[in-house]
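Participant: Before we start, here is the structure in question, set down as structure tokens.
The values are calculated or read from the model by the stated rules, or taken from the named source; none is laboratory data. Since the structure is predicted, the reported quantities are computational estimates derived from the model, not experimental observations. Don't worry about glycine lacking a Cβ; one is built from the backbone with ideal geometry, like all the others, and counts go over all protein chains shown.
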Amino acid sequence: MKYKHILVALEVSEDSNVLINRAGSLAEQFDAEVSFIHIDGTHGEIYPELVDIKESSDECPLNAHVLEQLKEFESSAQYPVKHFLVGTGDLSTKLQDAILEHKVDLLICGHHHDFWSNLVSYSKHLINKSPVDILIVPI
């Protein structure tokens, strides 16, 4: 399958660089577009809409420090980023909305191999709700 638009689900950690590099490699291989998404689920859904910080960071529902860290991911990417979506709330619901709205056909996300991830895995929930192919990268 030839992917046209890859969405990378990022967390605010250096581990996200692994996902960004993987997306860049695949994008070059398939001549695909790449977009990033970060959903902060720690405070619930305080802002219902996704915001594309490439278009407007004034309405961003995240604090300035997190926004700065996310923009560093974009500047370190070795491939152009089409959209950088941020929001709050449930990750799987927001991902589903972004995938449909932006015509994404591959989702890349990471999975930690640690004690807490064995107890509560977001990957299984994403797999059950995703309308597109998912590449889960072990971190």
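Participant: Could you tell me which residue of segment 54-72 is surrounded by the most Cβ atoms within 10 Å (Cβ to Cβ), considering only residues that are within 19 Å of Ile108 (Cβ to Cβ) and touching a strand residue (DSSP E or B) at 6+ places or on another chain (Cβ under 6 Å)?
Facilitator: Leu70
Participant: Among Phe73, Phe84, which is of a type outside the set (S, T, N, Q), assigned to a strand (DSSP E or B) and either over 20 Å from Val18 (Cβ atoms) or at pLDDT 90 or above (or both)?
Facilitator: The match here is Phe84.
Participant: Then there is this: Would you check which residues across segment 92-124 are modelled with pLDDT under 70 and touching a Leu at 6+ places or on another chain (Cβ under 8 Å) and list them?
Facilitator: Result: Tyr122, single match.
Participant: With the requirement that a residue be in contact with a helix residue (DSSP H, G or I) (Cβ under 9 Å, 6 or more places away or on another chain) and either at pLDDT below 95 or under 14 Å from Leu85 (Cβ atoms) (or both), what does segment 18-44 give you?
Facilitator: Selection gives Glu33, Val34, Ser35, Phe36, Ile37, His38, Ile39, Asp40, Gly41.
Participant: Output the residues belonging to segment 54-75 that are in contact with a helix residue (DSSP H, G or I) (Cβ under 7 Å, 6 or more places away or on another chain) and touching a residue at least 24 places away in the same chain (Cβ under 8 Å).
Facilitator: Hits for segment 54-75 are Cys60, Phe73.
Participant: Between a first residue in segment 3-14 that is part of a loop (DSSP other than H, G, I, E, B) and a second residue that is of a type in the set (D, E, K, R) and buried (at least 17 other Cβ atoms within 10 Å of the Cβ), which pairs have beta carbons less than 8 Å apart while being 6 or more apart in sequence or on different chains?
Facilitator: Tyr3/Asp105; Lys4/Glu33; Lys4/Asp105
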